[in-house]
Each structure stands twice: as structure tokens, then as C-alpha cells.
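Every number in this text was worked out from the coordinates using simple rules, so none of it is lab data. Keep in mind that what you see is a predicted model, and the values were worked out from it rather than measured. As a convention, Cβ positions derive from the backbone with ideal geometry for all residues, glycine included, and neighbour counts pool all protein chains shown.
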Amino acid sequence: MTERTENREVLPTEEKYHPSMGSFEKTYRDSIDHPDEFWSKAATILDWDRRWDRVLDESNPPFYKWFVNGKLNVSYNAVDRHLLSHRRNKAAFIWVGENGEEKIITYDGLYRRVNNLAFALQNLGIKKGDRVLIYLPMILEAPVAMLAVARIGATFSFVFAGFGASAVAERIEDAKAKMVITADGGYRNGKIVELKKIIDEALEQTSTVSNVIVVRRTGHSVSMQEDRDIWYHDVVRDGMNYVKPVEMDSSDPLYILYTSGTTGKPKGVIHGNGGYAVWVANTLKWAFNPNEDDRWWCAADIGWVTGHSYIVFAPLILGLTSVMYEGSITYPEPDRLWEIIERYRVNILYTSPTAIRTLMRFGEKYPKMHDLSTLKTLGTVGEPINPAAWKWYYENIGNSKCPIIDTYWQTETGGFVIAPALGIGLPPLKPGSATFPMPGIDPVILDENGKEVKSGEKGFIAYRKPWPGMFLTLNNDPDRFKSVYFEKFNGKYYCGDYAVKDNEGYYWLLGRADEVLKVSGHRLGTIEIEDALISSREVAEAAAFGKPDETKGESIVTFVVIKDEFKGTPEMISTLRKRIREELGPIYVPDEVHIVNTLPKTRSGKIMRRVVKAVFLGQLPGDISTLESSVSVDEIRTAIETFK
Ligand code: WTA
């Protein structure tokens, strides 16, 4: 057992929140035993244009269809319907700029903006089924763009504004995007990120885009290509242009979100309309139980799935007020989050373990400077949380009174799959455990042969039943969808994580079982880093892997072999790092680059990343029987020692 699973401590939140745990069990059982009734009721969280004929069509697994023939528009559900209620004048977003600027937008204001952009998109020829790539910083135009595209039945693909030009180009090509919505730049740590320039570079490598809409955020000078680039404020006119929401089938795509896997190309995860919207809205209620008047703050970036589901769709469908923050959590000072919580009297904060560990390093002094007493619930997402960070968050931010909702999920799952359910019965919490499955989720922990392991034993987590929020397929690659996720365990959904279930039924998520890294909560493929290195003309071979890191969870370590005609100098290392920054983006830049003369390979020539990693971390390299005979582990060890 790991350090985390041995931590048996149950926290004092128990008394206060526990009494309704029985109702959780009942709700959960209903969801598993009577799924049709359960989901029919859960789906009434949305307004449908046409009711579904059947809750679930399982005739062609794993291509499940939820709410068959149900029709709806998600933008209508997130915006229009609130205008008919008391929420019309309610704030949808309280936006805070990195420079402290504030913008509050009501549901009515959001409605106007979404319609106006939808109108402009239609005028530019975007229609149902087209793909629009969004590459925006954390500004209000980001949710507006997502909703406007959804309103006219097109599909958006939001690319995190920290990605570099090659990564953006790859996504544009794969999605066959007709249009890009971007900004002149974004602010990060007081500096401008040149978003438009990156789009210009990406478009040199692609051929599908006919227009680029550019939001003016920074006002610095950018080049605009005539006939292709248009300023947002020139096409999106003030006033009010109503655009009727396009009626979408429940299983039509809503968005494509690219994520990293074990093979080179990022995977285009496609989420649908009906099932996804039912899932994100219900899971937010079940896990966090927000009240009508609460201020909800999901401090993720909108470019990742957490932002898609829990900054945009779920809170808007529920008609909540969200805080949205533009910039870095340590800018200008490490009390930024706490200052915003005090200023806007935030009630629920949802952030990542990396953010907590980063701020924890600066000490209690910073949270103590602010009144955090409005907080009543805290949440985490994206990576396992270590008990020390959990406790710091619980004691110093939540004043030992706020339960911590540790939400385990993935881009593919659409929303939370394992998380404490404050809304239907909070279990006693154990720091580091995401506790129990959400309704409808039926997990099982398996060994390599697909046999269920005993409680307390580590295995692969898989799911026996589909649920409404699961992704529909992978863009352009239904075969890969089937083989990557459903073949290993005979039709059960599997996506690469280790877990343990303890003898009280709590789930402990133990990290990735595959070649995927979690660096500051960002999901990165080792293979993408290796590919970028190898595509440099100086590099012959490369291996990338993750090293445990106290703050970031993992840091990126790479080993490269430089071609004979070049010199492996420190300048070479800077060049390679710079190139990765430009191509893939700053989050991919390796923390360590070691130059070696050789890398261990199998007889068939495959680099044994696992062996390099084990030797580097001072562990036993495991089975090396397939290692190419001419290279001994000692040789590698010596090479590594030299460069440590
Ligand atoms: C990891 C992020 C432990 C896990 C929403 C998963 C977690 C991957 C947790 C998905 C958690 C996410 N505890 N591990 N609470 N949440 N993970 O697609 O390895 O960016 O497979 O989605 O993050 O990352 P993704």
C-alpha cells in the first residue's frame, strides 16, 4: 500500500455533513439498478426541444447513445432560459483581470454577447457541423465564443493558450477547422503572450482556415492579414441580433478537446450535447451542492476540460455566478487567490493540488492577510493530492470547517466520476481519497489479466457501465477509440490510471499507469516531447519521462543523443528547450535535458524509456531481458551519473 492509502484519518467534517450518507447510498443504488428512471429524472435539469425516445441505446458498443432522439441546444440551456426567470439580472461571471480590472456580466449581458457573436459567425458562413478553433486567454470572450459556436450547431475545439504553433497547427488540421477565434495577446505574469503571432505561424502549416477573428485584449500591434483576419469588434456589432438556437440531436458533437495519450498524436476527444450537459450539471450539484446565491470559483484554465465543464457549461446551466480570473495565481503577489476570495466573497473554491502546493510554499502568512470566512466548500482536481497539501488547504484556507471535494475524472469522462457527494450525502473524508463513485459510475479495479483485485490491492481502474457524460468517440479515429479504451478489459472503459479500493470501499487514485505525465496538473504525453526533440535536426534519439516533484507532481526529464556532426554543448540544451517552447508550448519544456552517448534499446530498436527512468531514479530497472546485448545497464548508469 502506498503512503496515502495508509493514512486512515477521518476528518471532523464527518459530524456536520455525514447524516445524509444513507441518502447517497440510496441514490447511487437507484442509478445502478434503475438507470432509465434515474436518468430520465436527472435529464430534466435541462430544457429539451424534444423529449428522448429512449434513455440509452447500447446496440453498438462502445458507441453508446444517450437520450436517443432527444433534441436541445446547450447554449439555450446555459443562457436563454435564465432570462425567463429571476436570473435575468444575475451575474453569470465576475471577471477579474490580471491587472485587477473587473467586469461583471449578467445572464442578460451574456445572452446579448452570445447572440451577437453567433450572428457574426453565421454571416461569415459558419454553419452546423463546421469546426471553429478557439485560442483565447481567460477573457469573457472565451465562454462567449464557446456558447456562440454551440448556438449555431457548429463544433468548437478550444486549444489552451499555452500551446505552441506546431501543437495548434496539428489540432487545426485534425479538426479541419474553418475558422479561428483568437486575441492579439493575453496577459501572464504581467507579460504579453503573443497569441496572434502563434496563430499566424500555425496557419503557415495548415490550409483549412478561411477567417481569423481577433479579440483586442492587449492593444499591442499585431499583423492582420487582409481577407483573412478580422477584428472581433468590427464583426460583432453592439445592439442585439437574435440568432435562433439550432436544434441539436443529443448525440451531435458539442466540442472536440485534444488530450495526450500514449501514442504520438494527441487524441481529439468528442463530447456530445445531451448526455454531456446532463452529466456536468448533475455532477456539479451532487459533488458541490452550490446554492442559488453562492459564488463559485473554478480556478482552472478554460482551455482544459475542467474549464469547459465547470467554468462554462455546468455553472451556466445551473444559473450560478462564477468568478473567472485571467492570470497567474502568484501575480503580482502569492496572495492573489486569497485576495480575490476576500474581495468577491467567494463561497466555493475549486483548484488543483499543484496550485495548493505552490501557494503553500509561501507560507500561512499570505492566506492570513485575508478574510476567507465566506468559504464553505473547497475542491481539487487534476492529480492526486498528498495528505500534507490536503491538510494545509483544509486548515489554512478552509479554517478546518470546509469539506474538501477531491474530484477524480478525465477529459474523456466529461465530468467527475469519483468524488465526495456533498449534495447527496457526504462521506467522512480521508485526505488523498476521492471517496466514492458518482451515481451511474460502476468502477472495478483489475489486474493485468482483467481479474478483479482484492480490496487494498493496486490495479487498473475500469468502468463496467457507460454514463451520460462519457465521450462519443475520437475525432477521425473511431478504431482508435475502440482499441485504446475498450480492448484491454473486454469492453470495459479503461483510461490509464492505477487505483486501490480500501476495505471501506474508498477509492484512492494513484496516478497514470501509462506513458502520460501529469505536470502541474497538465496532461502531457512523453511521446510528444520525444517527437519534438527528434524532429530537431541535431537529435538522434530521445527519451522523456516524469520524475516525482514536490510541487508540480511530476517534472519532465529528457535524455538525448546528439548526432555525431553536432556538439552536445550547454547551448545545444538551451536551443532544444527553446524549440520545444515554441513548438509545443511552455508547459512542455523539460526541467532537465541530459546529453548521453547512447540510450538503452530493445533488440528491435525501441528505446527503453522505463530502464532509463529506473536507473535515473536509482530504482531497479526491472526486466531487461529484451535489452539490446551491446548496451549494459551499467553503461547507462555511468552515462547518467556523469550528467547528474
Ligand atoms: C489525473 C483532468 C488523482 C488522472 C480533469 C487522470 C487525478 C488524469 C484526479 C486526467 C484526482 C485527475 N486524483 N488523479 N482527483 N483528477 N487525475 O484528462 O491520472 O487532464 O487520468 O482531466 O488526471 O487528466 P485530464
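In debye to the nearest 20, how big a dipole does the range 542-584 give about its Cα centre with +1 on each Lys and Arg Cβ and -1 on each Asp and Glu Cβ?
Values: 8 positive and 8 negative charges, 16 e Å.
Roughly 80 debye, rounded to the nearest 20.
Would you work out the Kirkwood radius for the range 405-450? I mean one over the mean of 1/r across all pairs of different Cα atoms, in Å.
11.6 Å
In Å, what is the Rg of the alpha-carbon atoms in the range 322-416, and how long is Dmax?
Just the Cα atoms of the range 322-416 yield Rg and Dmax of 12.8, 39 Å.
Once label points are set 7 Å from the Cα along Cα→Cβ at both Y331 and S574, what is their separation, rounded to one decimal in nm?
Taking the two extended label points, one gets 2.4 nm.
If I histogram all Cα-Cα distances within the range 132-279 using bins 10 Å wide from 0, what percent of pairs lands in each bin?
That works out to 11, 40, 35, 13, 1, in percent per bin.
Taking the number of other C-beta atoms within 10 Å as the exposure measure, put Y344, Y485 in order starting with the fewest. Working shown, then result.
On the way: Y344 19, Y485 24.
Ordered from fewest to most neighbouring Cβ atoms within 10 Å, Y344, Y485 come out as Y344, Y485.
Taking the number of other C-beta atoms within 10 Å as the exposure measure, put F156, F481, F416 in order starting with the fewest. Please report the intermediate quantities before stating the final value.
Details: F156 26, F481 21, F416 31.
If I rank by nearby Cβ atoms, fewest first, I get F481, F156, F416.
May I ask for the Rg/Rh ratio of the range 474-558, computed from Cα atoms with Rh as the Kirkwood radius, given to two decimals?
1.06
Could you work out the local net charge near R523, counting Lys and Arg as +1, Asp and Glu as -1, over the other residues with Cβ closer than 12 Å to its Cβ?
Values: positive: K267, R512, K518; negative: E383, E412, D497, D514, E515, E528, E554.
Here the count lands on -4.
Per the Kirkwood treatment, what hydrodynamic radius in Å, one decimal, follows for the range 514-576 from the mean inverse distance over all distinct Cα pairs?
On the way: mean 1/r = 0.0803 Å⁻¹.
This gives a value of 12.5 Å.
So what's the convex hull volume per residue for the Cα atoms of the range 423-495, in Å³?
Working: hull volume 8.8 nm³, N = 73.
Each residue corresponds to 120 Å³ of Cα convex hull volume.
Would you calculate the convex hull of the Cα atoms in the range 471-626 and tell me its volume per residue in Å³? Mind dumping the intermediate values first?
Values: hull volume 28.4 nm³, N = 156.
It comes to 182 Å³ per residue, whole-number rounded.
Going out from 0 in 10 Å bins, what whole percent of all Cα-Cα distances in the chain drops into each bin?
3, 16, 26, 28, 19, 7, 1, 0
Could you tell me which of the pairs K285/K465; K71/K451; K285/K401; K451/K482 are separated by over 29 angstrom between their Cα atoms in the structure shown? Walk me through the intermediate numbers first.
On the way: K285/K465 21 Å; K71/K451 40 Å; K285/K401 20 Å; K451/K482 20 Å.
Flagged as over cut-off: K71/K451.
Give, in nm to one decimal, the length gained when the segment between N503 and L124 is fully stretched (0.36 nm per residue of separation minus the Cα-Cα distance). Numbers along the way, then the final one.
Working: separation 379, 0.36 × 379 = 136.44 nm, distance 5.85 nm.
Between N503 and L124, full extension yields an extra 130.6 nm.
Taking the Cα centre of the range 408-523 as origin, sum charge times position over the Cβ atoms of Lys and Arg (+1) and Asp and Glu (-1), and report the length of that vector in debye to the nearest 20.
Values: 14 positive and 14 negative charges, 28 e Å.
Approximately 140 debye in magnitude.
What net charge is computed for the residues neighbouring I397, neighbours being all others with C-beta under 15 Å from the C-beta of I397, Lys and Arg scored +1, Asp and Glu -1?
On the way: positive: R336, R345, R357, R361, K365, K368, K376, K391, K401; negative: D335, E339, E342, E364, D371, E395, D406.
It works out to a net charge of +2.
Calculate, axis by axis, the spread of Cα positions in the range 204-300 along the three principal axes, and write the results as whole Å, longest axis first.
Principal axes ranked by extent give 49, 45, 31 Å for the Cα atoms.
Between E25 and K567, what FRET efficiency comes out of the Förster formula 1/(1 + (r/R0)^6) with R0 = 60 Å and r the beta carbon distance, rounded to 0.05?
With a Förster radius of 60 Å, E is 0.35.
Report, largest value first, the span of the C-alpha coordinates of the range 379-425 along each principal axis, in whole Å.
If we take the Cα atoms of the range 379-425, the spans are 33, 24, 13 Å.
Amide H neighbours of T321 under 5 Å, at least 5 residues apart or on other chains, H built in the peptide plane: list them.
For T321, the qualifying residues are W296.
Find the Cα radius of gyration of the range 122-175, compare it with 2.2 N^0.38 Å by division, and give the number to two decimals.
Rg over 2.2 N^0.38 Å, computed on Cα atoms: 1.14.
In whole angstrom, how far apart do the alpha carbon centroids of the range 503-525 and the range 265-286 sit?
Measuring centre to centre over Cα atoms gives 20 Å.
Can you work out the FRET efficiency for the pair D108 and R345, with r the C-beta to C-beta distance and R0 = 22 Å, to the nearest 0.05? Provide the component values of the computation, followed by the final result.
On the way: r = 22 Å, r/R0 = 1.02.
Calculated value: 0.45.
Out of all DSSP beta bridges with both ends in the range 345-458, state the antiparallel percent to the nearest 5.
Values: 3 of 11 bridges.
If we restrict to bridges inside the range 345-458, about 25 percent are antiparallel.
In whole angstrom, how long is each semi-axis of the equivalent ellipsoid of the range 287-328, when you take the square root of 5 times every eigenvalue of its Cα gyration tensor and sort them from largest down?
Working: eigenvalues 60, 26, 13 Å².
Semi-axes (√(5λ), whole Å): 17, 11, 8.
Over the Cα atoms of the range 226-358, what is the Rg over Rh ratio if Rh follows Kirkwood? The partial results should precede the final answer.
Details: Rg = 18.0 Å, Rh = 17.7 Å.
That ratio equals 1.02.
Quick one: putting +1 on the C-beta of Lys and Arg, -1 on the C-beta of Asp and Glu, what dipole do you get for the range 538-625 around its Cα centre, in Debye to the nearest 20? Intermediate values should be presented prior to the final figure.
Working: 14 positive and 13 negative charges, 54 e Å.
With Lys and Arg at +1 and Asp and Glu at -1, about 260 debye.
Can you find, among S322, G274, T262, the residue farthest towards the positive end of the dipole of the range 213-324? Put +1 on the C-beta of Lys and Arg, -1 on that of Asp and Glu.
T262
What number, rounded to the nearest 500 deg cm²/dmol, is the helix-based mean residue ellipticity at 222 nm of the chain, given -39500 (n - 2.57) per DSSP H run of at least four residues and division by all its residues?
Values: 20 runs with 180 residues, N = 644.
For the chain, the value works out to -8000 deg cm²/dmol.
How much of the pair distance distribution for the range 366-492 lies past 23 Å, counting alpha-carbon pairs only, in percent?
Working: 3551 of 8001 pairs.
Tail of P(r) above 23 Å: 44 percent of Cα pairs.
Lys and Arg at +1, Asp and Glu at -1: add these up for the other residues within a Cβ distance under 14 Å of R51 and post the number. Don't jump to the answer; show the numbers that get you there.
Details: positive: K41, R50, R54, K71; negative: D36, D47, D49, D53, E247, D249.
Neighbour charge sum, excluding R51 itself: -2.
If I model a spin label as a point 7 Å beyond the Cα along the Cα-Cβ vector, how far apart are those points for N449 and S59 in nm?
Spacing of the two 7 Å Cα→Cβ label points: 3.8 nm.
Considering only DSSP beta bridges whose two residues both sit in the chain, what percent are antiparallel, to the nearest 5? Please list the in-between numbers first.
Values: 55 of 95 bridges.
Around 60 percent antiparallel, to the nearest 5.
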